[in-house]
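Some notes on the structure that comes next.
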Amino acid sequence: MNKNLSLERAVEAFAGFMVLLSVVLTYFVHPGFIWLTVFVGVNLFQQSLTGFCPAAIIMRKVFGLKTEAEMAVSAT
């Protein structure tokens, strides 16, 4: 994984990918995949209110990504 990729940007990229994937699956596979888009949207909304993001926790543990603040501190 890119060492310059922050946790915040990785979460945004993942959410965008999941929305695009759900649109493709909805169109080509089954209309029920629209619920994946709903799930991603609800998760993004609750993360903006609570700060809790399961995807960020997983990405931090699996890929060792750091937040932008952590990257700024380690760069100085």
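The values are calculated or read from the model by the stated rules, or taken from the named source; none is laboratory data. For clarity, every value in this text was computed on a predicted model and none was experimentally measured. We place every Cβ from the backbone using ideal geometry, glycine too, and count neighbours over all the protein chains shown.
Check segment 21-40 and report whether any residue there is at pLDDT 95 or above and in a loop (DSSP other than H, G, I, E, B).
yes
Taking into account only those residues within segment 42-76 that are within 15 Å of Asn4 (Cβ to Cβ) and touching a helix residue (DSSP H, G or I) at 6+ places or on another chain (Cβ under 7 Å), which is surrounded by the fewest Cβ atoms within 10 Å (Cβ to Cβ)?
Glu68
In segment 48-69, what residues are free of Cβ contacts under 8 Å to residues at least 12 places away in the same chain and not small (Gly, Ala, Ser)?
Leu49, Thr50, Phe52, Pro54, Ile57, Ile58, Lys61, Val62, listed by residue number.
Considering only residues that are loosely packed, with under 15 Cβ neighbours inside 10 Å and among the hydrophobic types (A, V, I, L, M, F, W, C), which ones fall in segment 20-41?
If the condition is that a residue be loosely packed, with under 15 Cβ neighbours inside 10 Å and among the hydrophobic types (A, V, I, L, M, F, W, C), then Leu20, Leu21, Val23, Val24, Phe28, Val29, Ile34, Trp35, Val38, Phe39 are the ones that fit.
Glu12: of a type in the set (D, E, K, R) and free of Cβ contacts under 8 Å to residues at least 12 places away in the same chain, yes or no?
So Glu12 passes the test.
So which residues in segment 14-58 are β-branched (Val, Ile, Thr), under 13 Å from the mean Cα position of the chain (by Cα) and more than 20 Å from Glu68 (Cβ to Cβ)?
Those that are β-branched (Val, Ile, Thr), under 13 Å from the mean Cα position of the chain (by Cα) and more than 20 Å from Glu68 (Cβ to Cβ): Val19, Thr37, Val40, Val42.
Here is a yes/no grid of residues against (1) among the small types (Gly, Ala, Ser); (2) in a helix (DSSP H, G or I):
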position: Asn4; (1), (2): no, no
position: Val11; (1), (2): no, yes
position: Phe14; (1), (2): no, yes
position: Val42; (1), (2): no, yes
position: Gln46; (1), (2): no, yes
position: Ile57; (1), (2): no, yes
position: Ala69; (1), (2): yes, yes
position: Ala72; (1), (2): yes, yes
